[in-house]
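Below you'll find the structure, written out as structure tokens, and then a few comments.
Only the coordinates and a few stated rules stand behind these numbers; no lab work does. Computed from a prediction, not measured in an experiment: that's the story for all the values here. Using ideal geometry, Cβ is built from the backbone for each residue, glycine included, and neighbour counts are taken over all protein chains shown.
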Amino acid sequence: MKRLFSLILFIAIILATLQSGTKQVFSLQKDTPEVVMRKYLDAVISNDYQTAYTLVSDQNSDIREWLELLNFVTSVAPEKLISIIHLAHSFTTHQVLQIDLPNDGTAVIKVESTVPDMEKVLEIAHSENEIKSLYDNGSLPLKQKQGTFILCIENNIWKIKEMEGTSGDSASKIAMVLAEKLLSKEESLKLDKEIKNYQNKKRG
């Protein structure tokens with residue numbers, strides 16, 4: 001478990017993003033909180049982390065650091081791992097439950113996401129084709145997840161301030177399953193080493 005900590009952290013970040021919401025169906029005016037959220041999530045899905053970075057508030061360095069890590073790891077991780085995660089993203093749908101605009105300069109958007117239950121999916125499928133077949137047959141294991149996005153105004157622009165409602169413990173558990181199912185021991189160790197080297201350089 002220890003040697004895969006960095007790998008688990010990486011996948012947990014991606015899954016946390018997936019569970020919070022990744023494909024929106026808003027048709028609202030430009031630069032509203034909803035549109036900013038959609039642009040952020042769409043950018044993450046398409047690996048455009050530079051764009052996603054610009055949509056995050058200066059008040060949240062954690063999200064920005066995650067985006068920097070994602071940008072690095074997706075450039076070195078085995079393609080089979082990344083492709084499965086992206087495939088799961090593509091099967092995610094969302095419904096806006098509530099939009100609040102309290103008188104404190106923030107916007108609070110509550111979303112219910114329907115996402116692939118990857119822990120269950122990988123018990124019965126281990127390749128993109130198998131997962132796609134489950135989806136096409138209407139038998140892909142799914143689960144619902146509610147999340148909250150909090151946006152604030154910086155320099156007259158709405159930006160992502162916080163993302164809440166995703167269980168870190170749950171994401172880490174699913175991440176471990178992904179690591180064990182999709183990567184060999186050698187691949188896991190190699191990626192783990194590359195991530196640790198990157199993190200050490202960032203601290204250094």
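Evaluate E = 1/(1 + (r/R0)^6) for GLN59 and GLU186, where r is the Cβ-Cβ distance and R0 equals 41 Å; express this FRET efficiency to the nearest 0.05.
Computed FRET efficiency for GLN59 and GLU186: 0.50.
Given a Förster radius of 22 Å and the C-beta distance between SER133 and SER83 as r, what FRET efficiency does 1/(1 + (r/R0)^6) yield to the nearest 0.05? Display every interim value, and only then the final one.
Details: r = 15 Å, r/R0 = 0.70.
Here the calculated transfer efficiency is 0.90.
Bins of 5 Å, beginning at zero and ending with the bin holding the largest distance: percent of Cα pairs per bin for segment 117-168, please.
With a bin width of 5 Å, the distribution comes to 5, 16, 18, 11, 10, 13, 11, 9, 7, 2.
Packing-wise, with mean Cβ within 10 Å as the measure, how do 64-75, 189-200, 128-139 rank, highest first? Before the final figure, lay out each step's value.
Numbers: 64-75: 17.5, 189-200: 15.5, 128-139: 12.7.
Averaged packing, sorted descending, gives the order 64-75, 189-200, 128-139.
Can you run phi through the Karplus equation (6.51, -1.76, 1.60; θ = phi - 60°) for segment 127-138 and list ³J(HN,Hα) in whole Hz, with x for Gly and Pro?
Listing the rounded values in order: 9, 4, 4, 5, 5, 4, 5, 4, 5, 4, 8, x Hz.
Rg(Cα) of segment 71-149 divided by 2.2 N^0.38 Å?
Values: Rg = 16.2 Å, N = 79, 2.2 N^0.38 = 11.6 Å.
Normalised by 2.2 N^0.38 Å, the Cα Rg of segment 71-149 equals 1.40.
With unit charges on the beta carbon (Lys/Arg positive, Asp/Glu negative), name the residue among SER75, HIS94, LEU41 whose Cα is farthest towards the positive pole of the charge dipole of segment 29-97.
Final value for the positive-end residue is HIS94.
Along the Cα→Cβ direction, 7 angstrom out, place labels at GLN98 and ILE157. What is the inter-label distance in nm?
Placing both labels 7 Å along Cα→Cβ, they lie 3.0 nm apart.
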